[in-house]
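J.: Okay, handing you the structure first.
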Amino acid sequence: MLRRVIGNVAVRRHFQRALSSKSGGGSGKPSDVSAAVDSMLLRSLKEHYLEVSKMIPPPKVTPPSPFEIVKGSLEGTGAVLKKSVGNEEINLFVMRLAHGGDDEDDDGINQLFLHVAVSKPNQAESLHFLCGLYPDALGIHSVSMRPKLEDLELSDDPARYTGPSFEELDEKMRDVFHSFLEERGVNESLFPFLQAWLYVKDHRNLLRWFKSVGTYVHENPSAENNA
């Protein structure tokens, strides 16, 4: 639904027709054309903002216990979920694994990129897993030692060795790493919550985008005078 709102072909055609009618006679000044387009854009942004704001969110889903939602995670790029296991702290970061594709559902979120950081006190580095999370499976792409993270920015020194490719490890070690995450509750059971969480985040980001673009365009006096 969110993608359909953004890709509204009728709105684009409306802009094109309006521009043609303004420029076809040859009498309109460039500033007049700009004012008309700005005015139409403001109306369209408002209409789409109201349409998206009325969308019904997915049913509320709680994360598997004992994971807790990180306060403020919807507004930033930091961890989404966290939990403590013994002397370890586990933080989960999530984003879309892919955009588009024939196998996506209507909301476009059926595969996720999951970053798992396992930290211990008094240690500068954490054990990091980069994973693909699906409704019925979790796949590990890489395992590395990295500095502790505040957000989902992985800026490593390219010359630094972070470990072998996960596929280069023998099957037994790969299985043990999967068991390592499973023992800490990192598995496909996280998918329903993270899918719903990303939907809500996308919804908020889209509303914020419509509003911020509208505010920017509204600063143009020509748009304000022709609204």
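The values are calculated or read from the model by the stated rules, or taken from the named source; none is laboratory data. Because the structure is a prediction, the values reported are computed rather than measured. Every residue, glycine among them, receives a Cβ derived from its backbone with ideal geometry; neighbour counts consider all protein chains shown. The protein model used for the area step is the full one, side chains on, heavy atoms only, and it has no ligands, DNA or RNA in it. Shrake-Rupley method; radii C 1.70, N 1.55, O 1.52, S 1.80 Å.
J.: Round to the nearest 10 and report in Å² the accessible area of Tyr134, as given by a 1.4 Å probe over the protein chains' heavy atoms.
T.: 70
J.: Then there is this: Roll a 1.4 Å probe over the protein heavy atoms and report the accessible area of Arg204 in Å², nearest 10.
T.: 100
J.: Less than 10 Å Cβ to Cβ from Glu89, Lys/Arg counted +1 and Asp/Glu -1: what total charge do the surrounding residues give?
T.: On the way: positive: Lys82, Lys83, Lys120, Lys148; negative: Glu88.
That sum, taken over residues with Cβ under 10 Å, equals +3.
J.: Can I ask one more? Based on the mean of other Cβ atoms within 10 Å per residue, sort peptides 169-176, 113-120, 40-47 so the most packed one is first. The partial results should precede the final answer.
T.: Values: 169-176: 11.0, 113-120: 19.5, 40-47: 16.9.
Highest mean packing first, the order is 113-120, 40-47, 169-176.
J.: Find how much the distance from Met173 to Met145 grows on full extension, using 0.36 nm per residue of separation minus their present alpha carbon separation; answer in nm with one decimal.
T.: 8.4 nm
J.: Now for a different question. 7 Å from Cα along Cα→Cβ at both Lys120 and Glu68: what's the point-to-point distance in nm?
T.: 2.3
J.: Next up: By the scheme Lys and Arg +1, Asp and Glu -1, what is the net charge of all other residues having a beta-carbon under 11 Å from that of Ser189? Walk me through the numbers on the way to the answer.
T.: On the way: positive: none; negative: Asp136, Glu182, Glu188.
Neighbourhood net charge equals -3.
J.: Quick one: order Ile56, Ile140 from most to least accessible surface, probe 1.4 Å.
T.: Numbers: Ile56 140, Ile140 10 Å².
In descending accessible area the options line up as Ile56, Ile140.
J.: May I pose another question? Just read off the accessible area of Asp202 with the full protein assembly in place, 1.4 Å probe, to the nearest 10 Å².
T.: 40
J.: Working from the alpha-carbon coordinates of region 168-220, get Rg over Rh, Rh being the Kirkwood radius.
T.: That ratio equals 1.41.
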